[in-house]
1. Return the total of residues in the stretch 13-23 being at pLDDT below 95 and under 19 Å from residue 148 (Cα atoms).
2. Give all pairs with beta carbons closer than 7 Å in which a residue from the stretch 29-54 that is in contact (Cβ under 8 Å) with a residue 24 or more places away in the chain and over 17 Å from residue 65 (Cα atoms) meets a residue that is small (Gly, Ala, Ser) and assigned to a loop (DSSP other than H, G, I, E, B); count only pairs at least 6 apart in sequence or on separate chains.
3. Failed condition for residue 47, given (1) over 11 Å from the mean Cα position of the chain (by Cα); (2) closer than 15 Å to residue 135 by Cα; (3) open to solvent by 60 Å² or more (accessible area, probe 1.4 Å); (4) not aromatic (Phe, Trp, Tyr), with all others met?
4. Please work out which residue is surrounded by the most Cβ atoms within 10 Å (Cβ to Cβ), limiting yourself to the stretch 114-157 and to residues that are of a type in the set (Lys, Arg) and closer than 20 Å to residue 12 by Cα.
5. Go through the stretch 28-42 residue by residue and tally those that are surrounded by 20 or more Cβ atoms within 10 Å (Cβ to Cβ) and farther than 16 Å from residue 134 by Cα.
6. Using beta carbons and a limit of 7 Å, which pairs, at least six apart or on different chains, have the first residue in the stretch 1-17 and surrounded by 13 or more Cβ atoms within 10 Å (Cβ to Cβ) and among the hydroxyl-bearing types (Ser, Thr, Tyr) and the second one modelled with pLDDT of 90 or more and assigned to a helix (DSSP H, G or I)?
Amino acid sequence: MGVRLYIAGFTKIQMRIKEASPLPWSTVLLRMAMMRCAETIAKRNGNKCLVTGESLSQVASQTIENISCTQSGISIPVLRPLIGTDKETIIRKAEQIGTYKISIEPHEDCCVLFSPPRPILRGTVAEAADLYRALELEPLIEEAIRNCETVKLGTGG
């Protein structure tokens with residue numbers, strides 16, 4: 001079974017978040033935008049859920065509170081089969097399914113350029129929703145989707 005990887009450029013979205021939101025919230029808001037983008041792509045492809053590789057509390061954006069924030073703006077379920085899995089096991093699984101090499105390619109992405117020195121650890125859904133709504137990201141998300149690149153991994157994708 002193959003996997004399709006959708007690569008959407010988020011630079012404009014990242015810049016809007018950086019310019020118009022409280023710095024500690026930047027990663028959570030970016031992840032909310034990513035979830036919204038992923039949901040839109042999933043629905044257009046007839047998919048019924050999203051599947052992520054998150055592991056609980058591995059990083060600041062993966063506290064239970066922040067995970068609740070990141071999924072709060074979408075309507076389809078988010079499955080997290082690795083939620084209680086340690087990092088080494090996740091890396092082995094990524095190697096098995098063919099996503100590891102692309103995941104470690106050096107990019108100056110949100111992890112490097114946009115991560116706040118003191119990220120919010122226990123965001124609330126209500127505050128996240130207010131901050132996200134104020135950003136008015138939908139046109140930027142639609143643009144990212146229009147310019148999305150699709151990569152087929154494995155076989156049968």
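The values are calculated or read from the model by the stated rules, or taken from the named source; none is laboratory data. Keep in mind that this is a model prediction, so the values were computed, not measured. Every residue, glycine among them, receives a Cβ derived from its backbone with ideal geometry; neighbour counts consider all protein chains shown. Just so you know, the surface numbers come from the protein's heavy atoms only, side chains and all, with ligands and any DNA or RNA stripped out. Shrake-Rupley method; radii C 1.70, N 1.55, O 1.52, S 1.80 Å.
1. Number satisfying all stated conditions: 2.
2. So the pair list comes out as 36/73; 37/8.
3. Residue 47 satisfies every listed condition except (2).
4. Narrowing the stretch 114-157 to residues of a type in the set (Lys, Arg): 118, 122, 133, 146, 152.
With closer than 20 Å to residue 12 by Cα added as a condition, the list becomes 133, 146.
On the way: 133: 10, 146: 8.
Checked the stretch 114-157; the qualifying residue surrounded by the most Cβ atoms within 10 Å (Cβ to Cβ) is 133.
5. Summing the residues that are surrounded by 20 or more Cβ atoms within 10 Å (Cβ to Cβ) and farther than 16 Å from residue 134 by Cα in the stretch 28-42 gives 4.
6. If the second residue must be modelled with pLDDT of 90 or more and assigned to a helix (DSSP H, G or I), the pairs left are 6/41.
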